[in-house]
Amino acid sequence: MAFFEDLKRNASGVANKAAKKTTDLTSLAKLNVSVKTLETKLDGVYGEIGRLFYNAERNGEDYTSDIAALIMKADKFQAEIDSLKKQINALRKVVVCEGCGNEISDEAAYCSFCGTKQVKPEPEVVVEEAEEIAEDAEAPAAEAAEENKDTE
């Protein structure tokens, strides 16, 4: 009987790992497509900036405000691309070394390419969430103390 329980547990574990891996691969594919789409849009914006700059130089027209708006649009696209690449790296469990720019394991203490010490980011703790958690933890204790007082 124990054999079949172990077999069932192992099969379930393998199925869960396969499902997680499939989900991760699907997410990676979607993120990569999004990055490529944004990079294509960014290239279009760069082309438009170049065209306006060329026309401004060639014809003496002022396109400064149009170019500034396009630069802001390009910055927005680049920020979105950077954010998506961070998500991709998190799924792949890699980080980019700040010393040399190579991808390394997110668990590495030092870069295997240049030897730069890797700084691990502090876990983000939102103060409001921490306060809510503390209040939620205190509420049952306060209720229990109040009930004990009533029964005495």
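The values are calculated or read from the model by the stated rules, or taken from the named source; none is laboratory data. Every value quoted in this text rests on a predicted model; they were computed, and no experiment measured them. We place every Cβ from the backbone using ideal geometry, glycine too, and count neighbours over all the protein chains shown.
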I need the full set of residues from region 33-86 which are touching a residue at least 40 places away in the same chain (Cβ under 8 Å) and among the polar types (S, T, N, Q), in order please. 34
Would you check if there is a residue in region 16-34 being farther than 23 Å from residue 90 by Cβ and exposed (fewer than 12 other Cβ atoms within 10 Å of the Cβ)? no
Can you find a residue that is modelled with pLDDT of 95 or more, more than 29 Å from residue 24 (Cβ to Cβ) and either assigned to a helix (DSSP H, G or I) or of a type in the set (A, V, I, L, M, F, W, C) (or both) anywhere in region 75-93? yes
Counting only residues that are part of a loop (DSSP other than H, G, I, E, B) and of a type in the set (Ser, Thr, Tyr), region 100-120 contains a total of 2
